[in-house]
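Q: Here it is, the structure in full.
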Amino acid sequence: MGVYVFTAEFLYAELERDHRDGTSSHDFGKDVIPYLVSRGLAVAHSFEVSCVKTTPEAEAYWRDVGTIDSYWSANIDLVMPVPSLDIYDRDWPIWTYQQQLPPAKFVFDDPDRRGVAVDSMVSGGCIISGATVRRSLLFSNCRVNSHARTSGAVLLPDVEVGRRARLTNVVVDRGCRIRRIL
Amino acid sequence: MIGEDPEFDAKRFYRSEQGVVLVNADMLAALG
């Protein structure tokens with residue numbers, strides 16, 4: 001695994017060559033890259049050398065998120081008190097597009113209907129309305145309604161969790177509406 | 001409830017080897 005940089009012309013030519021190769025399984029990591037390496041057409045840079053670390057002693061941070069388990073783990077790791085990747089490091093800001101959204105809001109403070117989030121990351125535009133969010137990561141514009149509970153939940157943008165729903169160790173795709181009873 | 005009953009989850013959604021449940025719009029639509 002890694003980050004690969006090509007010129008477009010070279011990459012297109014190699015993909016076409018691999019496409020014509022009847023012995024290839026047409027897998028980028030198994031066929032295309034090894035072919036280039038075997039012919040001295042690839043140059044490597046050690047990730048360890050330039051990786052941004054939380055502390056000098058920390059291991060280089062890299063996560064392959066090609067499976068549901070690894071994707072979930074990489075997200076949930078961010079809500080740990082001291083995650084492997086410090087996205088709050090002002091020396092290494094994340095330059096990406098961010099929609100202009102109102103702050104996350106937590107409403108209702110009744111004993112049996114309290115909007116709270118603990119050990120969690122809640123993005124802009126979210127509303128936690130009388131629900132309990134634990135050890136979860138909420139992308140933008142999510143809504144978690146009264147008496148619902150989430151634990152170990154990764155909610156992609158625009159997810160709505162209905163009243164009294166309970167979600168444990170889940171990844172919910174963008175825009176899904178989880179009703180109370182499923 | 002999602003993520004509390006492995007067999008029920010596997011019938012309705014995708015459940016990984018480590019027990020993480022993936023829910024997407026198509027799966028929810030199939031529930032009617």
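Q: Name the residue, out of A:96, A:54, A:150, that is part of a loop (DSSP other than H, G, I, E, B), hydroxyl-bearing (Ser, Thr, Tyr) and more than 15 Å from the chain's Cα centre (by Cα).
A: Details: A:96 fails: more than 15 Å from the chain's Cα centre (by Cα); A:150 fails: part of a loop (DSSP other than H, G, I, E, B).
Going through A:96, A:54, A:150 in turn, the sole match is A:54.
Q: If you go through region A:145-158 one residue at a time, do you hit one that is within 13 Å of chain B (Cβ to nearest Cβ) and of a type in the set (Val, Ile, Thr)?
A: Scanning region A:145-158 turns up at least one residue that is within 13 Å of chain B (Cβ to nearest Cβ) and of a type in the set (Val, Ile, Thr).
Q: Looking for something aromatic (Phe, Trp, Tyr), away from every other protein chain (no Cβ under 13 Å), under 18 Å from residue A:68 (Cα atoms) and touching a residue at least 12 places away in the same chain (Cβ under 8 Å) - is there at least one such residue anywhere in region A:107-125?
A: No, region A:107-125 has no match at all.
Q: Are any of the residues in region A:105-119 of a type in the set (Phe, Trp, Tyr) and more than 27 Å from residue A:59 (Cα to Cα)?
A: So far as region A:105-119 goes, yes, one or more of its residues are of a type in the set (Phe, Trp, Tyr) and more than 27 Å from residue A:59 (Cα to Cα).
Q: Hey, among the residues in region B:2-32 that are at the interface with another protein chain (Cβ under 7 Å from one of its Cβ atoms) and on the phi > 0 side of the Ramachandran plot, which one's surrounded by the fewest Cβ atoms within 10 Å (Cβ to Cβ)?
A: B:19
Q: May I pose another question? On the given criteria, is residue A:141 at pLDDT 95 or above, surrounded by 13 or more Cβ atoms within 10 Å (Cβ to Cβ) and part of a loop (DSSP other than H, G, I, E, B)?
A: Details: at pLDDT 95 or above: yes; surrounded by 13 or more Cβ atoms within 10 Å (Cβ to Cβ): yes; part of a loop (DSSP other than H, G, I, E, B): yes.
So residue A:141 passes the test.
Q: Consider region A:73-91. How many of its residues are in contact with a strand residue (DSSP E or B) (Cβ under 7 Å, 6 or more places away or on another chain) and outside any loop (DSSP other than H, G, I, E, B)?
A: Number of matching residues: 2.
Q: Do we have any residue at all in region A:163-179 that's more than 11 Å from chain B (Cβ to nearest Cβ), of a type outside the set (Lys, Arg) and either out of contact with any Asp or Glu (no Cβ under 8 Å at 6 or more places or on another chain) or under 20 Å from residue B:29 (Cα atoms) (or both)?
A: No, every residue in region A:163-179 fails to be more than 11 Å from chain B (Cβ to nearest Cβ), of a type outside the set (Lys, Arg) and either out of contact with any Asp or Glu (no Cβ under 8 Å at 6 or more places or on another chain) or under 20 Å from residue B:29 (Cα atoms) (or both).
Q: Search region A:1-42 for residues being hydroxyl-bearing (Ser, Thr, Tyr) and part of a loop (DSSP other than H, G, I, E, B), and hand back the single one that is surrounded by the fewest Cβ atoms within 10 Å (Cβ to Cβ).
A: Step one: filter region A:1-42 for residues hydroxyl-bearing (Ser, Thr, Tyr), giving A:4, A:7, A:12, A:23-25, A:35, A:38.
If we keep only those that are part of a loop (DSSP other than H, G, I, E, B) as well, we get A:4, A:7, A:23-25.
Details: A:4: 12, A:7: 8, A:23: 5, A:24: 14, A:25: 8.
The extreme case among them is A:23.
Q: Just name the residue that is nearest to residue A:80 (Cα to Cα) out of those in region A:126-182 that are hydroxyl-bearing (Ser, Thr, Tyr) and touching a residue at least 40 places away in the same chain (Cβ under 8 Å).
A: A:136
The values are calculated or read from the model by the stated rules, or taken from the named source; none is laboratory data. Source: prediction; values computed, not measured. Don't worry about glycine lacking a Cβ; one is built from the backbone with ideal geometry, like all the others, and counts go over all protein chains shown.
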